[in-house]
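One structure is given below, encoded as structure tokens.
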Amino acid sequence: MLRHFPKAGAVYSHRKRDYFIAGFTFFCVAVCLLSDANASMEKQNALGVCAWVFLIGLLLGENKEIRVQVAIAVAFATIGEHFASPFMGGYTYRYHNVPAYVPPGHGMVYLTAVALARSGFFQTYAREIAGFVVLVCGAWSFWGISGLGEQGDWVGALLFVVFLIYLFKGRSPMVYLAAFFITTWLELIGTAAGTWKWAAIDPVLKLPQGNPPSGVAAWYCLVDAVALGGAPRVLAIAKMLGARWRARADKNAWQGAGSGE
């Protein structure tokens, strides 16, 4: 069950960059969501510009594969946001839109999950962190279906089960584990500030859900899984198209040289 976890007892190096990315994103998320609580549309758009600048700046120090992963995460999450919020009504932003900072924000959130996942701290204490997350999220989910809260959260409990599958059956458990922290952070701040609100009844399952659902990290893990799985395919296609383009260019150059003779 833990075959994809880092090897226990090994020595892992710490990179300041990984912790900087995480700390910077946690800080930016808090500032952005709290600022948007009473912001105008113009301010929302300005926050979006800042988010794109920050994301591009952070990606300058990453390799091609990570950049492609982030691009896929942004594209997939943006499509998902428009489907789940304005179209389905699973949750609603203040202006009933998808704020301009959300697409690049998803990129920063994904990059943070990757940075924490590869950090020496997460690699060294993977099992302890996983145990902590399972206990905390499990207790949160139990609270949601116990009837002790103001509204039920059966959707959150179902998502918690999905999250466990990602964590213990997925090939990148450290990314999913790290995603729990940054996504729970942003969901708690965003809903508390009123930046968005989850529907009391899920429009698809017709079950009560919390604001936010306890297992909400599972939705972000889906984005992570698509990015991780899609990047190698995109790179392979790009490599193939590049090879074809170079071959055609060489052929044209050869034919041009031949006709010149």
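According to the Kirkwood expression over distinct Cα-Cα pairs, how big is the hydrodynamic radius of the range 16-260, in Å? Don't skip to the answer; put the middle values down first.
Values: mean 1/r = 0.0516 Å⁻¹.
Every distinct Cα pair counted, the radius reaches 19.4 Å.
How do the peptides 66-72, 219-225 rank, highest first, by the average count of neighbouring beta carbon atoms within 10 Å per residue?
Answer by packing, highest mean first, reads 219-225, 66-72.
Residue 132 versus residue 201, label points 7 Å from Cα toward the beta carbon: distance in nm?
Here the modelled spin labels are 3.9 nm apart.
Do the sum for the chain: with -39,500 (n - 2.57) for every DSSP H run of n ≥ 4, divided by all residues, what is the mean residue ellipticity at 222 nm, to the nearest 500 deg cm²/dmol?
-24000 deg cm²/dmol
State the number of lysine pairs found in the chain whose Cα atoms come within less than 29 Å, restricting to pairs 8 or more positions apart or on distinct chains.
Number of lysine pairs found: 11.
Along the charge dipole of the range 16-260, Cβ charges K/R +1 and D/E -1, which of 34, 69, 107 sits furthest on the positive end?
69
Could you give the spread of the C-alpha atoms of the range 137-195 along their three principal axes, from largest to smallest, in whole angstroms?
Extents along the principal axes: 37, 26, 14 Å.
Output the relative contact order of the chain, whole-number percent, from Cα pairs under 8 angstrom with separation of 6+ residues.
26
Computed from the coordinates by the stated procedures, all read-outs in this text should not be read as laboratory data. Being a predicted model, the structure only gives us computed values, none of them experimental. Every residue, glycine among them, receives a Cβ derived from its backbone with ideal geometry; neighbour counts consider all protein chains shown.
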